[in-house]
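Comments concern the structure below.
All of the numbers you see were taken from the coordinates with simple rules; none came from a lab. Because the structure is a prediction, the values reported are computed rather than measured. We place every Cβ from the backbone using ideal geometry, glycine too, and count neighbours over all the protein chains shown.
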Amino acid sequence: MARVVSNRIASVGQHLTLSSFLGSFTEIWEKQGLERDLRRPVPIGVCVSGGPDSMALAYLLNQISAVPGKHNIAVQPFAFIVNHNARKESTGEANYVQSQLCRLGVESRILEIQWPNTNDPGSTTDFEMTARRARYRLIADAAIQKNINHLFLGHHQDDQVETILMRLVRNAGTSFLGWQGMSEHSKIPCCDDIRGANEAENYEKFADWLRPGEIRPDEEGINPQPLNQGKSVTPSLPGGLRIHRPLLPFKKSAILDFCKTNRVTYVQDKTNYDPTLTLRNAVRYMRSHYVLPKALQAPSILELRKSSQRSAASLARRGDRVLRGLRVLNIDLRSGRVTVLLSSAFVSLCEADPEAGAYALARLTSVVSPQSKDDEPTLVPRHNLKQFLDKNRSRMREQMTIRQVLLEKADSKPDASKSSVSSSFELRGEVNFGRNLSEERETVWTLSRPPMRLAEVAIASRSFSPCVGPGEVENKGTDSAAWKDLPEEHSQTGLWSEWMLWDHRYWIRVRTEDAKALSQIRVRPYSESDVQRVYERLPKTGSELQSILAEAAPGKLRYTIPVLTEEGQVLVFPTLNVTVDWEDSMDVKSKLTDRPILEWEVCYKVINHPFIREQREMIEWRNAQVKRRTRAGSSFREARKQVRMSTANEPHRIDSEG
């Protein structure tokens, strides 16, 4: 490489003006279907470091509403400034940035990263990744508090080129999936366990989620029973925070010119230019001081990105086509267990297009996987797909584990008729390659969470944190005026905990009398050591619990479902809506006033894949009780009998497995 004084890379970016930015911004708004409120501006967040990119972005976003035209977009930006506390100057710089944003008319808030056990966080080996995670989590919390759903970042074209080059340096074998670089739109990373970051903060009743818009009979007169067995597990709704990068079409030089022309002040972090600190700095230094081979220059890298995006879009289309070759027979939300029927079309497509098959298998296993969203693969390893197809050909029962999901193949078909199965595939337009599906051999697979290892059990044993955020009330009595403004279902005494993402599958929260009671409640997996003690405390209804466990979580699967405990004793199976230890009280009213858990709520993670949405009304949804008891204090057996009768013809029934 020849050393050069100036950057000789060909210009491929646009000139940045308010008009050109509005074009990029409007395209984002329309493609993403973002809301428009003609009555008041839509609140949006802008992440500001104080550099020229984010300061220009804040300036531009603040000017959009004043631009005349037909775009009809009115926004109110709110800036989040993260003080990394990594340099002695960082606090002063954050305050200066806030003052400059105020001058521009943009309201802002400074968020502080706290570094435990170090006086020099910048010297730690994983500083860059740790700071990134902390930064996103602080911003997510702050945005959710302000009811902001859309966050705008100042990444530009040079950042994009650097990102792809870094991935090539780190792993020369990276596929087109990594060469896509940064997306114009994405979910917020590093925030899987923050409620409202990757899903809607609120949720619907299960019946409303299953059949949205359907008018249901008025249930007035059905008394809620005190043990909270009237709720079912509901999948979380899609939503949460979305990240947008409207400056990706523009080069860094165009942004600097814009700041100069419009007198937008900014600060420069000198550490961003030290090539010894981070890989990104080293790549930036290399691009600015050397002439790179043509294949590594910006035009070639950006063309590589475009072709990679086309390949990724093709992969998704082909993978979705493969998934239309399976039928989801049932989903048991009580344990996160899914049963599917694979047609010959599914197998043939996987064999003809292994890449699409690996994509389809990754999407299918993600429905029950305990992996973080950030860790979920786009493709399962090719050897896993081959092993799966080999086992699928077997006439015997088979099992295997893929990415923390246990797959078990039955040795025979379910009772459903071949003709009905065939028609279900035909209705969904599946290609059967000229063969009659009724004459082909289909296979049934069940997917579930595999037994937990000791390290996983330790991670899944957790305590709750009290929720004292906007709109929440801590430890208030029934006569408190503050409770009068809360929704009816939350107007009881006591203290709600924060939502907890348990095992990356279930969102759980509980309500207790006060903070002291909450501190004694823990959630952990059900264990073999619990069995004897649980059944000793259920002398009358132990057989009912045994029956429900056999239906919802057979075998060792039951040791992967959550239980709420106090001092090690199981109190509640929240996903089953089963309580322990209260049935034998002679004085029910007196006993209930002493119970440590007043209420709990459970949501499953988001299930929003196209192949699930297309089959939603055909799937047998197995769930906890969906009808409340008609009178408080009725027996467990009577309540379960009512549910069986009321849900006999419903998809979300509690009947035994076929």
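Starting from the alpha-carbon convex hull of segment 21-147, give the projected area averaged over all orientations, in nm². Don't jump to the answer; show the numbers that get you there.
Numbers: hull surface 35.7 nm².
So the Cα hull casts an average projection of 8.9 nm².
So how much slack lies between Arg441 and Leu18, counting 0.36 nm per residue of separation and subtracting their Cα-Cα distance, in nm? Kindly include the intermediate steps, with their values, before the conclusion.
On the way: separation 423, 0.36 × 423 = 152.28 nm, distance 6.13 nm.
146.2 nm is the gain from fully extending Arg441 to Leu18.
If packing is taken as the average number of other Cβ atoms within 10 Å across a peptide's residues, how do 559-569, 106-116 rank, most packed first? All intermediate terms of the calculation are to be shown ahead of the outcome.
Details: 559-569: 18.3, 106-116: 15.1.
Going by the mean number of other Cβ atoms within 10 Å, highest first, we get 559-569, 106-116.
Set the Förster radius R0 to 41 Å, insert the Cβ-Cβ distance between Glu408 and Lys187 as r into 1/(1 + (r/R0)^6), and round the FRET efficiency to 0.05.
Values: r = 31 Å, r/R0 = 0.76.
According to the calculation, E is roughly 0.85.
Just need the relative contact order of segment 509-575 here, percent rounded to a whole number, with Cα pairs under 8 Å and 6+ apart. Please report the intermediate quantities before stating the final value.
Details: 56 pairs, mean separation 26.6, N = 67.
That works out to 40 percent.
For the peptides 120-126, 132-138, what is the packing order when you average, over each peptide's residues, the other Cβ atoms within 10 Å and list the highest mean first? Present the calculation step by step, with values, prior to reporting the outcome.
Values: 120-126: 12.1, 132-138: 17.9.
Packing proxy ranking, top to bottom: 132-138, 120-126.
Would you mind computing, in nm to one decimal, how far apart the modelled labels at Gln145 and Ala458 are, each placed 7 Å from Cα along Cα→Cβ?
Modelled inter-label distance: 3.3 nm.
Given the options Ser314, Ser344, Ala282, identify the residue whose Cα lies farthest towards the positive end of the charge dipole of segment 282-361 (+1 on Cβ of Lys, Arg; -1 on Cβ of Asp, Glu).
The Cα lying farthest towards the positive end belongs to Ala282.
Take the alpha carbon atoms of segment 276-350, find their center, do the same for segment 51-118, and report the distance between the two centers in whole angstrom.
Here the answer is 32 Å between Cα centres.
Do the alpha carbons of any pairs in Lys386/Lys409; Lys31/Lys146; Lys187/Lys605 sit beyond 20 Å of each other, and which pairs?
Details: Lys386/Lys409 15 Å; Lys31/Lys146 24 Å; Lys187/Lys605 15 Å.
The answer is Lys31/Lys146.
Please give the charge dipole size of segment 139-210, origin at the Cα centre, charges +1 on K and R Cβ atoms and -1 on D and E Cβ atoms. Round to the nearest 20 debye. Before the final figure, lay out the partial values.
Details: 6 positive and 11 negative charges, 30 e Å.
In debye, rounded to 20, segment 139-210 gives about 140.
Where in segment 120-147 is the amide nitrogen less than 14 Å from a point lying 7 Å along the Cα-to-Cβ axis of Asn85?
120-122, 131, 134-135, 138
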